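Everything on this sheet refers to the single structure shown next.
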Amino acid sequence: MTRALLALGLVALAGAGGAAQEGSISPSTVEAIERWAGSVTSHVPGEPDPAVRAVWSLTLEGRKALHPGMALLLDAVAGKRVTSRSPLVRRIADIGVQLARSPGAAEFIKRAAVLHGDAAMLGFVPPLIRPIPPDVPPPPGRASLSRAAALDAPLLIDRQLWLENDGQVVGMTVADWNWVFARSLLDRLKPTGADPFVGQWYHATMAFMFQNRMFGEVQWHLEHAASVLPNDARILLDRGCAHEQQGLPRSQTVLSDDDMVALRMGRLGMPSRTRRSGSVGLTLGIQPVEISNRDAEGFFRRAVERDSRLFEARVRLARLLTLRSKYEEALGVITAAPAGTAPDAIAEYYAHLFAARAERALGRLDEAAGRIRLARELFPDAQSALMAASHIAMLRADEDGAEEPMRHLALLPYKRDPEDDPWWVYETFTGRYADVLIAEMWKDTGFSPRAPRLSSVR
Amino acid sequence: MLWLVPAPAAQRQVPLFSARATGVRVDVLVTERNVPVRGLMAADFELRDNGVSQEIDIVESSDVPINVVLAFDASGSTEGRRTSDLVEAGSALIAGLKPHDRIALTTFNHAVAPRAPLTSDFAQVERALRSLEPSGQTAILDGIHAAIMTAQAEAGRSLVIVCTDGRDTMSWLQVDEVSEVAKRSNAVIYGVAAGGARQWSDLRDLTELTGGHTIEIEKSSDFREELLRVLGEFRSRYVLTFTPQGVPASGFHQLEVKVRRGGVRVRARPGYVSSPPRRDPGSEQ
């Protein structure tokens with residue numbers, strides 16, 4: 001099970017950043033802009049159509065061709081006057097003006113975001129593992145740089161992600177630039193975050209990322225979503241999930257003991273080309289478990305405060321509270337959930353499992369056993385419930401009660417899918433409705449394939 | 001902790017704790033410069049239960065069949081050479097067993113798989129061993145729990161050997177929970193740790209809780225040698241028994257075992273948990 005971890009800041013700017021200069025607009029820039037705008041207006045949401053394929057075919061060179069004219073085009077779409085006399089600049093501005101009329105500025109921006117989000121989702125494949133080049137800083141735990149200035153050139157982002165399998169770093173892969181670009185497009189909708197579509201798009205795409213174990217990508221995605229929608233309960237929940245995922249043993253084992261010591265001692269390796277300035281930030285890879293869990297707990301609390309019906313936030317908060325030996329509080333968080341808010345059997349299962357652990361820690365073994373019994377009714381073959389049942393029974397000196405779950409386990413197939421035990425999919429659980437959310441998002445765009453093509457703009 | 005006396009097969013039903021505890025058994029390893037010391041008698045030992053000196057007997061351990069439970073890592077990180085080395089190591093250990101011994105195999109990746117129960121049919125376990133196909137994450141703690149329960153289910157001296165190359169990424173049970181079970185079990189747990197497992201203090205602590213220890217190896221080809229060393233070391237242990245006197249019947253009992261002789265190292269479990277039996281309908285009182 002290979003997973004993409006948080007990037008360790010190998011964020012490179014391919015070429016010049018910042019706004020385009022007039023002199024950099026060439027005839028090929030205009031052609032690239034025209035093609036791109038045509039792709040945006042012709043794309044059918046959810047379809048791997050020619051528009052998506054055109055985006056897929058955009059190499060870094062292709063994006064470099066687009067880049068000088070992109071900000072200009074989008075400014076023109078937004079109604080910003082262009083005073084340049086350059087015919088090439090004016091051509092791009094005219095395209096922008098036409099798009100602002102039809103399909104409309106906000107519509108065009110949303111369509112563009114959908115196109116690039118679709119390109120990322122429809123084009124998602126299991127990461128291609130590349131060996132780690134010798135000149136690349138070592139894996140997780142070491143500091144890295146992410147330039148704030150990189151956001152001025154979202155088309156030119158060249159990001160790497162570490163890949164992990166069974167607790168060991170196995171290589172690297174290239175992150176998908178479409179996500180960065182799509183986010184930057186939605187940022188242009190003003191007032192920021194006011195359009196309900198923005199929240200819908202983030203909810204759907206975050207779910208997609210969790211579902212596909214894109215734990216590196218989702219961190220950036222969530223940080224950006226939070227800057228746009230800081231009080232969105234779902235985003236708060238997912239931010240908590242992302243931090244919690246980092247605190248899980250399956251993430252923490254990637255950090256070697258040496259890395260942990262370096263992190264804790266504040267000794268962090270810096271590339272020699274580092275320079276400090278106001279625009280340069282410092283981001284870490286995986287945080288120590290205490291920090292990951294503390295941050296996650298904070299986000300879950302806020303999510304529950306924003307929406308007390310968010311059962312999943314309660315359940316996750318309860319798990320973290322038991323880790324801090326706050327057992328009564330953990331039980332209280334679960335039992336305070338409004339009736340009927342458990343969204344599905346898996347969420348209920350987690351609630352029983354975590355409550356059982358809290359009860360056990362408080363010495364209430366009968367109550368713990370009762371909770372495990374309920375968990376086993378929901379998922380009779382789940383290994384986590386079988387283990388919990390056996391453990392509790394041993395504490396109660398119930399020998400047969402301890403052995404029975406193991407006899408049950410012995411009857412199960414050796415090869416088991418991750419979905420056979422809800423505990424095994426805990427880190428992706430928050431993305432389980434990705435397909436539904438994405439389909440709803442596509443449907444609610446209302447984009448029609450009969451939208452005017454750019455050929456009529458010429 | 002109760003002395004489990006094997007019942008004739010015809011009478012063996014659902015195992016129940018008997019209220020008539022007859023004794024506590026403690027496996028003890030005595031070494032001098034890492035070499036097992038042999039020939040010690042009961043009088044050479046001093047055992048204290050919660051600080052109270054106890055009268056002990058020694059069981060002639062060479063006559064007691066052993067139950068060996070192999071708990072092997074079958075996760076994705078063991079793919080390739082590590083798996084083949086593990087299989088060969090397990091096979092070598094099987095060859096070192098005596099006819100009256102029994103062996104079981106439990107493997108773990110994210111899924112714990114009891115592949116062969118305790119059996120004297122060594123060929124069955126050999127076949128199970130050679131069918132390993134590594135994949136997935138690593139649930140070591142769940143695997144250890146299952147191995148302890150396998151050992152627990154049968155009377156006799158139980159040895160659990162955990163072979164792994166990584167740390168736990170997927171278990172539901174936490175180390176303190178497995179420790180609670182280990183304290184209530186008769187099994188002695190050894191760990192043989194390669195790769196990232198060598199830095200995993202939880203495995204070391206867990207094994208020492210049972211009177212065993214964890215051996216760190218540099219390369220997976222060392223699994224074979226260390227498994228055979230563990231088997232030999234286990235056979236050289238002394239089995240002390242005593243009926244607790246002057247201490248509370250239930251709860252955690254701290255054990256202290258010494259040898260009345262200088263220059264030796266004594267390894268034994270640091271304690272055990274004695275629980276009052278669960279009242280079940282029809283159980284004898």
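The values are calculated or read from the model by the stated rules, or taken from the named source; none is laboratory data. Everything numeric in this text was worked out from a predicted model, so none of it was measured. Note: ideal-geometry Cβ built from the backbone for every residue, glycine included; neighbour counts use all protein chains shown. These accessible areas exclude ligands, DNA and RNA; they are computed on the full protein's heavy atoms, side chains included. Shrake-Rupley method; radii C 1.70, N 1.55, O 1.52, S 1.80 Å.
Annotation: peptides A:407-413, A:356-362, ranked by per-residue average of other Cβ atoms within 10 Å with the highest first, follow the order A:356-362, A:407-413. Pairwise Cα distances in segment B:118-194 exceed 17 Å for 53 percent of all pairs.
Per-residue mean of other chain beta-carbon atoms within 10 angstrom of the beta-carbon, peptide A:377-389?
Numbers: counts 0, 0, 0, 0, 0, 1, 12, 6, 1, 5, 14, 3, 0.
Taking all residues of A:377-389 together, the mean is 3.
Per-residue Cβ counts within 10 Å, from other chains only, averaged over B:180-190: what number is that? Walk me through the numbers on the way to the answer.
Numbers: counts 4, 7, 1, 1, 5, 2, 0, 0, 0, 0, 0.
Taking the mean over all residues of the peptide, I get 2.
On the principal axes of its alpha carbon atoms, chain B extends 54, 52, 36 Å, with the longest extent given first.
Just to be sure I understand: if you take the accessible area of chain B alone plus chain A alone and subtract the pair, with a 1.4 Å probe, what total do you get in Å², rounded to 100? Accessible area lost upon association: around 4000 Å². Here segment A:279-350 exposes an accessible surface that is 51 percent carbon and sulfur, computed with a 1.4 Å probe and the other protein chains kept in place. The value obtained for segment B:193-244, namely the Cα convex hull volume divided by the number of residues, is 61 Å³ per residue. Accessible surface calculations at 1.4 Å, restricted to protein heavy atoms, place segment A:313-416 at 37 Å² per residue.
Averaged over peptide B:134-142, the number of partner chain Cβ atoms lying within 10 Å of each residue's Cβ comes to 5.
Projecting label points 7 angstrom from Cα along Cα→Cβ for A:Val125 and A:Leu412 puts them 3.4 nm apart. In terms of packing, defined here as the mean over residues of other Cβ atoms within 10 angstrom, the peptides A:181-188, A:104-111, A:221-228 line up highest first as A:181-188, A:104-111, A:221-228. For segment B:155-178, accessible area lost to neighbouring protein chains reaches 30 Å² or more, against the chain alone with a 1.4 Å probe, at B:Arg167, B:Thr169, B:Met170, B:Trp172, B:Leu173, B:Gln174, B:Glu177. In terms of Cα atoms, the Rg and Dmax of segment A:188-252 work out to 12.2, 41 Å.
Carbon and sulfur together cover what percent of the accessible area of segment B:39-104 at a 1.4 Å probe radius?
Looking at segment B:39-104 in its full context, I get 48 percent from C and S.
Spin-label model, A:Leu362 to A:Arg294: label points 7 Å out along the Cα-to-beta-carbon direction sit 2.7 nm apart.
Summarising the overall dimensions of segment B:38-103 from its C-alpha atoms, the Rg and Dmax are 18.9, 52 angstrom. With the largest listed first and rounded to whole Å, the semi-axes of the equivalent ellipsoid of segment B:142-285 from the Cα gyration tensor are 28, 21, 14.
How much length is gained if the chain between A:Glu47 and A:Ser102 is pulled fully straight, taking 0.36 nm per residue apart and subtracting their Cα-Cα distance, in nm to one decimal?
17.6 nm
Overall, the ratio between the Cα radius of gyration of segment A:328-458 and 2.2 N^0.38 Å, rounded to two decimals, is 1.57.
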